[in-house]
Structure formats: structure tokens, C-alpha cells
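Presented below is the structure to which this report refers.
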Amino acid sequence: MQLKSLKGIFYGCGAAVCYGTNPLGALFLYREGLSPESVLCYRFSIAIVLLAFIMVVNRGDCQSVIRKFAVHKRELPSLVFLGFLFAISALGLYASFNYMDAGLASTLLFLYPLEVALIMAVFYGEKFTASVGVAIALSLVGIGLLYRGGEGGAALSLTGLLLVFVSSLAYAIYIVVVNKADLKMGSAKLTLYVMMFCLLFLVLYSVLFGAGLPPVLQSPSSYGWALMLGFVPTVLSLVFMAKAVKIVGSTPTAIMGGLEPLTAVMIGVCVFGETLTTRLFFGIILVLASVIVLAVKKKG
């Protein structure tokens, strides 16, 4: 049982680090003129191909491959809903990169563990303790510092903040649904179908409200970054996250996501030259501390 828990922790930490690499590919593709929805369409298209290939290679005969991809019709509504949630989360996060530093956006996204705890308390009867209240208070103070934490104390974009909030809430609901939905399938199949429906929603959004159909990539580096986005923060992250949720549950998986904003902040500062002011630093510390409080509560 202890070995199983350690595997769950490994998967949870791996999912967080992988997901934290999102800015690395997204910001490079933005510089080449792609919109957030176009970048996401490439990200999930590549991820679907990669994951489907892995699933086929892992099965020998044709009959076993068919069984591997088979889905019961009662599972389709949950898969469609999960795809919709992940599309909202991904689009909100990627769009926020145009309004604030990517590391800061990823830190604010990390409010989703608190949202997971609140959802589990309100809808599933988990006890709402004083620790949760303290965590919420710390996170609110941290957000206050982040909001006035730019260069010269300039306020952050309200649009960016709202986009990240929507993204984090959608991701929190996603984690809960993965844990509570009666889906009789492995993490690879779950991830594949979630990404397929997610891509469908993103294409519809792009055609109806965004930049239209994604343009053809123009350079080898564009294909390289698109491939990275499809594999590291998508296939690896979602598969690891699904495994972690099944082993240790929704809230612990969300708590281990603390490595996600730290990864994104390091990438932003070291690769893209984003500024880390003292005020921003303490705001990030308070947001992460709020989740540590949840971790201590869960351990107890």
C-alpha cells in the first residue's frame, strides 16, 4: 500500500511539472503570430495522434486494438463534459498569457486546489475545517499582493485575472469529475477521448469566435514547439494526473500541483526575462502556502 501511495505522489508531481511547461511552447508560438486557440488546436491535435499511436503500439492484434478504443455509450456524456471543461481551462490560461506574465498566470491557476476542496465540501460532504478557511484567507491576501505586484505597483489586467480564474475553476471541476465519474477505462483512453472532445470545442470556438481555422506552421521550430506542447504538458501531464487521482484522490493530486506554478515561474524568469518583484514573490509564496495548509490538513 505504501509503494502504491509513493507511485501516486510521483504521478502527481510529474503531472504538475509537465503542465508547468505550457508557457515554454505557447509563448514561442505567440511570437510567430499564432493565436491562443490556434496554438491549442495544434497542441491537442498532436497529443491525440501521439497518444493513439502509443495505445496501438501497446496492443498486438487488431481485435485487442478495437477493444482498447471501445467506449460504452453511457460514458460519452461524461467524456464530452470533461472535454468541454478542459477546453475552457486551456483556453482561459493561454489567453491570459497575453495579459500578464506566464509565470504569474500559472501561479494564479494554482488556486484550483482550494476550489477542489470547496467543491468536495459543498457537493460531496467533505468536512470544511478551519484549515480550509485559513488557506482561503492566505490565498486572498496573496492574490491581493499579486494584483498590485507589477513593476511600479501597477495593477494587473482585470481581464487576465478573470481568464485565469475561469481556467482554474474549470480545471478544479475537471479533477473532481475525473474522480467521481463512473468511467470504466484506463488513464490513456480517458485522456485520448477528453482531448478529442476538447479539440472539437476549440475548433468550434476558433471558427465561430476566434481566428478561424489554424494556419499552417511556417518554420521547423514551430513544429518543434507544437510537438513539445502536445507531448509534455498534455499527454504526459494528463496521463500522470489521471493515474494520481485514481491512486491518491482529487485533493492530494491538486495539492501536489504546487510544482506547476514554480516550474512556470522559473521558465518565465529564466527563459523569457519576466520580472519577479519582491511583492510578486511574497504573493506567490502566500498562494503556495495556502495549498501547503491544505496538505497539512489532509495529512492530519
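The values are calculated or read from the model by the stated rules, or taken from the named source; none is laboratory data. Owing to the predicted nature of the structure, the values given are computational and were not obtained by experimental measurement. Here the Cβ is made from the backbone with ideal geometry for all residues, glycine too, and neighbour counts use every protein chain on show. Remember, those area values only see protein heavy atoms, side chains included, never the ligands or the DNA or RNA. Shrake-Rupley method; radii C 1.70, N 1.55, O 1.52, S 1.80 Å.
When region 31-43 is examined, which residues are found to be hydrophobic (A, V, I, L, M, F, W, C) and either at pLDDT below 90 or more than 24 Å from GLY258 (Cα to Cα) (or both)?
As a first pass, look at region 31-43 and keep what is hydrophobic (A, V, I, L, M, F, W, C): 34, 39-41.
Scanning region 31-43 gives LEU34, VAL39, CYS41.
How many of the residues in region 206-244 are in a helix (DSSP H, G or I) and at pLDDT 80 or above? Talk me through it step by step, then tell me what you get.
The initial filter retains those residues of region 206-244 that are in a helix (DSSP H, G or I), namely 206-208, 220-244.
Within this subset, residues satisfying the condition of being at pLDDT 80 or above are 206-208, 220-237, 240-241, 243-244.
Total meeting the criteria: 25.
Only one residue in PHE10, PHE28, PHE53 is open to solvent by less than 70 Å² (accessible area, probe 1.4 Å), at pLDDT 80 or above and aromatic (Phe, Trp, Tyr), so which one is that? Before the answer, list the steps.
Working: PHE10 fails: open to solvent by less than 70 Å² (accessible area, probe 1.4 Å); PHE53 fails: open to solvent by less than 70 Å² (accessible area, probe 1.4 Å).
Just one listed residue meets the conditions, PHE28.
Residue check: is SER206 in contact (Cβ under 8 Å) with a residue 24 or more places away in the chain and either over 28 Å from SER139 (Cα atoms) or surrounded by fewer than 16 Cβ atoms within 10 Å (Cβ to Cβ) (or both)? Quick ask: steps written out before the conclusion?
Values: in contact (Cβ under 8 Å) with a residue 24 or more places away in the chain: yes; either over 28 Å from SER139 (Cα atoms) or surrounded by fewer than 16 Cβ atoms within 10 Å (Cβ to Cβ) (or both): yes.
In short, yes.
Within region 31-40, track down each residue that is in a helix (DSSP H, G or I) and open to solvent by less than 40 Å² (accessible area, probe 1.4 Å).
First, the residues of region 31-40 that are in a helix (DSSP H, G or I): 31, 36-40.
Answer for region 31-40, where residues must be in a helix (DSSP H, G or I) and open to solvent by less than 40 Å² (accessible area, probe 1.4 Å): PRO36, GLU37, SER38, VAL39, LEU40.
Restricting region 71-130 to residues that are open to solvent by less than 40 Å² (accessible area, probe 1.4 Å) and among the polar types (S, T, N, Q), which is farthest from the chain's Cα centre (by Cα)?
Here the residue is THR129.
Name the helices (runs of 4 or more DSSP H) wholly inside region 60-127 in which the number of residues that are at pLDDT 85 or above and over 22 Å from THR234 (Cα atoms) is 1 or more. Break it down into steps so the answer makes sense when it comes.
Details: elements: 62-69, 76-96, 102-109, 112-124.
Result: 112-124.
For region 142-162: of the residues being modelled with pLDDT of 80 or more and not in a loop (DSSP other than H, G, I, E, B), which is surrounded by the fewest Cβ atoms within 10 Å (Cβ to Cβ)? Step through it out loud before you land on a result.
Initial filter on region 142-162 (modelled with pLDDT of 80 or more): 157-162.
Right, trim to not in a loop (DSSP other than H, G, I, E, B) and you get 158-162.
On the way: LEU158: 10, THR159: 13, GLY160: 20, LEU161: 20, LEU162: 13.
Filtering first and then ranking leaves LEU158.
Given (1) under 20 Å from ALA95 (Cβ atoms); (2) open to solvent by less than 10 Å² (accessible area, probe 1.4 Å); (3) under 16 Å from the mean Cα position of the chain (by Cα), where does THR191 come up short, assuming only one miss?
THR191 satisfies all of (1) under 20 Å from ALA95 (Cβ atoms); (2) open to solvent by less than 10 Å² (accessible area, probe 1.4 Å); (3) under 16 Å from the mean Cα position of the chain (by Cα) except (1).
Filtering region 13-25 down to residues that are open to solvent by less than 20 Å² (accessible area, probe 1.4 Å) and more than 20 Å from THR191 (Cα to Cα), which residue is nearest to the chain's Cα centre (by Cα)?
So, considering only residues that are open to solvent by less than 20 Å² (accessible area, probe 1.4 Å) and more than 20 Å from THR191 (Cα to Cα), the one nearest to the chain's Cα centre (by Cα) is PRO23.
On the basis of being at pLDDT 80 or above, open to solvent by less than 20 Å² (accessible area, probe 1.4 Å) and under 22 Å from the mean Cα position of the chain (by Cα), does ALA254 make the cut?
Numbers: at pLDDT 80 or above: no; open to solvent by less than 20 Å² (accessible area, probe 1.4 Å): yes; under 22 Å from the mean Cα position of the chain (by Cα): yes.
Considered against the rule, which asks whether it is at pLDDT 80 or above, open to solvent by less than 20 Å² (accessible area, probe 1.4 Å) and under 22 Å from the mean Cα position of the chain (by Cα), ALA254 comes out as no.
Does SER167 fit the bill of being surrounded by fewer than 23 Cβ atoms within 10 Å (Cβ to Cβ), polar (S, T, N, Q) and at pLDDT 85 or above?
Working: surrounded by fewer than 23 Cβ atoms within 10 Å (Cβ to Cβ): no; polar (S, T, N, Q): yes; at pLDDT 85 or above: yes.
Against the criterion (surrounded by fewer than 23 Cβ atoms within 10 Å (Cβ to Cβ), polar (S, T, N, Q) and at pLDDT 85 or above), SER167 does not qualify.
Name the residue, out of VAL216, VAL235, VAL265, VAL271, that is β-branched (Val, Ile, Thr) and free of Cβ contacts under 8 Å to residues at least 40 places away in the same chain. It would help to see each step written out before you state the result.
Numbers: VAL235 fails: free of Cβ contacts under 8 Å to residues at least 40 places away in the same chain; VAL265 fails: free of Cβ contacts under 8 Å to residues at least 40 places away in the same chain; VAL271 fails: free of Cβ contacts under 8 Å to residues at least 40 places away in the same chain.
Just a single option satisfies the conditions, and that option is VAL216.
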